[in-house]
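The values are calculated or read from the model by the stated rules, or taken from the named source; none is laboratory data. What you see is a predicted model; the values in this text were computed from it and never measured. No Cβ is skipped: glycine too gets one built from the backbone with ideal geometry, and neighbour counts run over all protein chains shown. We work out accessible area using only protein heavy atoms, side chains counted, and drop any ligands, DNA or RNA first. Shrake-Rupley method; radii C 1.70, N 1.55, O 1.52, S 1.80 Å.
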Amino acid sequence: MCRQRIIFGIFIVIIPMSSLLSGKPEIPQYNSDGYTYYQQAVEYASEGHPVALSRAREFIQKALYKEPGNVKFHFYYAELLEKSGYIYNAEKEYKTILKIDSTQINAWFRLACFKENDFNDFHKSIKTTDIANVIYKAFAEKDFNQAEYYFLKTLSCDSSHHQALMHLAFLYEDAAQYHKGLEIVKKMVAIYPRDKDANLYLALLSYRCRKIEQAHLAFRKALNYMSIEEKQDFVVNSVNVLLERFWKDQEYSEQQIQRVKNRYWQMNDPLLLTEYNERLVEHYARVAYANLRFSVPEMGIIGWKSDRGKIFIKYGEPDNRTRLRPQIDETGILYVKTDIWNYGDFTLGFSDDYASGNFRFSEPGNGGSKSKSQFNAETQLIVDNLKSSQPDRYEPVFEGPRINIANRLAQFKNPNHFTNEKTDIYVYYAIPAVDTLKVQGAAFSHLAGLFFFDRSNELKYQKRSHIDQNSIQNTISVSDSIRLNVYAERMSAKADSGVIAFEVIRDYDKGVSSHHGKLNIRNFSRYDLDISDMILASKLNFENDNSMTINRNGISFVPNPSLVFKTDGTIYLYCEIYNLAKGADSFTDFEQVITISPLSASENKGIAGFFRNITDWVGITDRGQQVTLRSAYQTDESDVPVYLQLDMSDYVPADYNVKLTIYDNNSGKVISDQSMLFLR
């Protein structure tokens, strides 16, 4: 407080010690107007330490006493309260400003930010007590509504307010209202088309809304607006979090590292039919989220490099997330704010030990003896163990729904095998014949793709086919109410081992079926007795009928990839026998034996769920006896197709095993193949 005295007729100003120390004399009250007090407040505030901020608040209050309607002074007072941590008082001050002038945009915006922070503090937040866990859901809902209201008021005053648009989108995303957030970010990008963060958030929210292609394009734009250093960090450096297990202690050249990264993305692309890599888009979404949400600019911390950021990149969004609010127990120990992420089979904790916003791996007693995390496990130890047991987690996200398409693979010797040593590989599959009146366009129209990667992860074969025509000839019935359209993709290749990918994208709803797995391409013998894979078919004729699914050796047939047949339906068996020995009469002499037997209970358990889903079925009521059918043949060809019709009209609906055995009487050799059959 400034004081004045008259001593011996001389006017003296008494200056407080704090002013002497700061080098700034206190302004006398008697000749100070509001602006002078405001200037003095600014000078004190520039020092930044708590005592100076306290003095600055005193002077700005004096300024407001002189000029209570001065909005500039009110704003500065509110800012000082924020800097000093008096958020509640700052909130009241911004409301006072709006009573004076309801068009003050920044007042609406600051109120919105306060409530956004409150929402984030209370959303999915609990406070543990000796009696029970206090859940703050109602508080969070109230804060969300208030924050939304204040942001919308800000935008009603200034529809292009950059930060209001961004934070409102944040708010909607935190509340899982992704489509609302996406519409806000679209407006933002329209106003600020070259804004890196706006495009990043457009990509992220597009991904949240399963608009994967839109996310892919938005990420490309965002990358174009990054500096070289930012782009290198986002695209290249962030991947090391996923690949650290490959490096270990070895040294690699830049070329080798890039080759490993390229292969990683290629082999983890879940849908090769699209022009973009869904796994890479997911990675970008994780990095973008980490950078937008976990960065602490005041500490120079980039989001993906933080403890939470690295875990988010590896494992994505946790299944459940709980925020534990800080509290002090009766002994005076502070239990710091803690973020707990549960991933189903493991849980991780992060604690904000110094209230800086930098959440680190929780440790018992982390932060000193006077403060503790509320997660008692050693998070770093859990993370280290996960490096080998579960280095990452990824569940593909597609634009359309996942569809379960029955598909099977069969291998045959190529007709020119003797010269080209190739094998014919058929992937045949069935799409439910949906009523075309219920969907827009042809229900069966789809894009199919077949891809093969060798042991070195090199792409050796790829084929894309768009199917927009269907024939009644390739439609089969597996029950009174379920019909399937059957198609096949074929490739010819030399014996090899690697990964085969078969994919389908349905036109009308972008439904996806994607199957990736190991494949050993068979090397059929040139001389020894050999047999192709056996196919069970629903239709077969002896013409080269291109309207049917597969044509071989003058025989056309429609295979049944579901292996589900009606008791009163037709069942055909097709396979090929190779290198039958000829006798002195230049004829082969062999027997084929068909054995049909019920599957055991343990074998039943292994049946794919699809077959149970496509039709209701009755369990085995009478297991019956094994049935064996034996036939003898002589041919003038060493390579012969075997085809026959099975009559199972008298069989009990059940799950069966059908085995074909070939006895070559001239060579004495035996070979066989078998298939399951589900009779309904």
Q. Taking the highest mean first, how do the peptides 462-471, 665-674 order by number of other beta carbon atoms within 10 angstrom per residue?
A. 665-674, 462-471
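At 1.4 Å probe size, with every protein chain present, just tell me what the per residue accessible area of the chain comes to in Å². Don't skip to the answer; put the middle values down first.
Numbers: 33770 Å² over 680 residues.
Using a 1.4 Å probe on heavy atoms only, each residue of the chain averages 50 Å².
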(Q) What do you get for the angle between helix 278-294 and the principal long axis of the chain? Use alpha-carbon atoms, 0 to 90 degrees, nearest ten. (A) 10 degrees
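Using a Förster distance of 56 Å, how high is the FRET efficiency between Glu254 and Asp468, based on the Cβ-Cβ distance and rounded to 0.05? Kindly include the intermediate steps, with their values, before the conclusion.
Working: r = 46 Å, r/R0 = 0.82.
The computed FRET efficiency comes out at 0.75.
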Q) Across every pair of different alpha-carbon atoms, what Kirkwood hydrodynamic radius in Å does segment 466-517 reach? A) 13.9 Å
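Treat every Asp and Glu Cβ in the chain as -1 and every Lys and Arg Cβ as +1, leave all other atoms uncharged, and give the resulting dipole magnitude about the Cα centre to the nearest 20 debye.
Details: 79 positive and 85 negative charges, 419 e Å.
Rounded to the nearest 20 debye, it is 2020 debye.
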Q) In vacuo Debye scattering of segment 258-310, one point per C-alpha: log10 I(q)/I(0) at q = 0.14, 0.22, 0.30, 0.32 Å⁻¹? A) -0.48, -0.80, -1.02, -1.08
Q | In nm, spacing of pseudo-spin labels at Val51 and Thr96 (7 Å Cα→C-beta vector) | A | 2.7 nm
**Q.** Derived scalar couplings ³J(HN,Hα) [segment 636-649; Karplus, 6.51 cos²θ - 1.76 cosθ + 1.60; whole Hz; x for Gly, Pro]
**A.** 9, 10, 7, 9, 9, x, 10, 9, 7, 9, 9, 9, 10, 5
Q: In whole Å, largest first, what are the principal axis extents of the Cα atoms in segment 147-296?
A: 58, 35, 25
**Q.** Rounded percent of accessible protein surface that carbon and sulfur make up, the chain, 1.4 Å probe
**A.** 49 percent
Q: Of the listed pairs Lys186/Lys463; Lys310/Lys494; Lys95/Lys187; Lys211/Lys518; Lys422/Lys566, which have alpha-carbon separations greater than 32 Å here?
A: Lys186/Lys463; Lys310/Lys494; Lys422/Lys566
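Determine the gain in length on full extension of the stretch Leu644-Ile333; use 0.36 nm per residue of separation and subtract their C-alpha separation, reporting nm with one decimal.
Working: separation 311, 0.36 × 311 = 111.96 nm, distance 8.15 nm.
The span from Leu644 to Ile333 would gain 103.8 nm if fully extended.
Per DSSP H run of at least 4 residues, take -39500 (n - 2.57); add these up for the chain, divide by its residues and hand me the 222 nm value, nearest 500 deg cm²/dmol.
Values: 20 runs with 230 residues, N = 680.
Calculated at 222 nm, the ellipticity per residue is -10500 deg cm²/dmol.
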Q: Using Cα positions and a limit of under 13 Å, work out the aspartates and glutamates in reach of Lys510, with same-chain residues fewer than 8 apart set aside.
A: Glu213, Glu399
(Q) Modelling each spin label as a point 7 Å along the Cα-to-Cβ direction, I'd like the Gln61/Arg220 distance in nm, to one decimal. (A) 6.0 nm
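If R₀ is 22 angstrom, what is the calculated FRET efficiency for the pair His162 and Lys72, using the beta carbon separation as r and rounding to 0.05?
In this case the efficiency is close to 0.45.
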Q: Evaluate the distance, in nm, between pseudo-label points positioned 7 Å from the Cα of Leu629 and of Met299 along their respective Cα→Cβ axes.
A: 7.5 nm
Q | Length-normalised contact order of the chain in % [C-alpha pairs under 8 Å, at least 6 apart] | A | 7 percent
Q: Can you figure out the FRET efficiency of Asn89 with Glu230, using R₀ = 41 Å and their beta-carbon distance, to the nearest 0.05?
A: 0.60
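Quick check on segment 478-591: take the gyration tensor over C-alpha atoms, sort the square-rooted eigenvalues as a ≥ b ≥ c, and tell me if it's rounded (a/c under 1.5), prolate or oblate.
oblate
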Q. Which of the lysines could a cross-linker span from Lys92 if the Cα-Cα distance has to be under 20 Å and same-chain partners fewer than 8 positions apart are dropped?
A. Lys62, Lys66, Lys72, Lys83, Lys115, Lys142, Lys153
Q: Could you give me the radius of gyration and the Dmax of segment 422-532, taking only the C-alpha atoms into account and expressing both in angstrom?
A: 16.7, 54
Q: Work out the charge dipole of the chain with +1 on the Cβ of Lys and Arg and -1 on the Cβ of Asp and Glu about the Cα centre, then indicate which of Tyr207, Ser479, Gln390 is farthest towards its positive end.
A: Tyr207
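Test of understanding: what is the full-extension gain from Asn544 to Ala355, defined as 0.36 nm times their sequence separation minus their Cα-Cα distance? Let's see the in-between values first.
Working: separation 189, 0.36 × 189 = 68.04 nm, distance 7.63 nm.
Once the chain is fully extended between Asn544 and Ala355, it gains 60.4 nm.
Assuming 1.002 mPa s and 20 °C, estimate D for the chain with Stokes-Einstein, Rh taken as the Kirkwood radius over Cα pairs, in µm²/s.
Numbers: Rh = 31.6 Å.
For the chosen part, D equals 68 µm²/s.
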Q. How would you rank 194-205, 160-171, 263-274, highest first, on the average number of other Cβ atoms within 10 Å across their residues?
A. 194-205, 160-171, 263-274
Q | DSSP-defined beta bridges in segment 305-399 - what % are antiparallel, rounded to 5 | A | 90 percent
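Can you tell me how much longer the chain between Asp585 and Lys180 gets when fully stretched, taken as 0.36 nm per residue apart minus their C-alpha distance, in nm with one decimal? Show your work: numbers first, answer last.
Numbers: separation 405, 0.36 × 405 = 145.80 nm, distance 8.13 nm.
Gain in length upon complete extension: 137.7 nm.
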Q | DSSP loop GluC sites (Glu not before Pro) with at most 12 other Cβ within 10 Å excluded, longest remaining stretch of the chain | A | 1-250
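Determine the shape class of segment 94-213: with a ≥ b ≥ c the square roots of the Cα gyration tensor eigenvalues, call it rounded for a/c under 1.5, and otherwise prolate if a/b is greater than b/c, oblate otherwise.
In terms of gyration-tensor shape, oblate.
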Q | Longest to shortest principal axis, alpha-carbon extents of segment 294-370, angstrom | A | 38, 33, 17
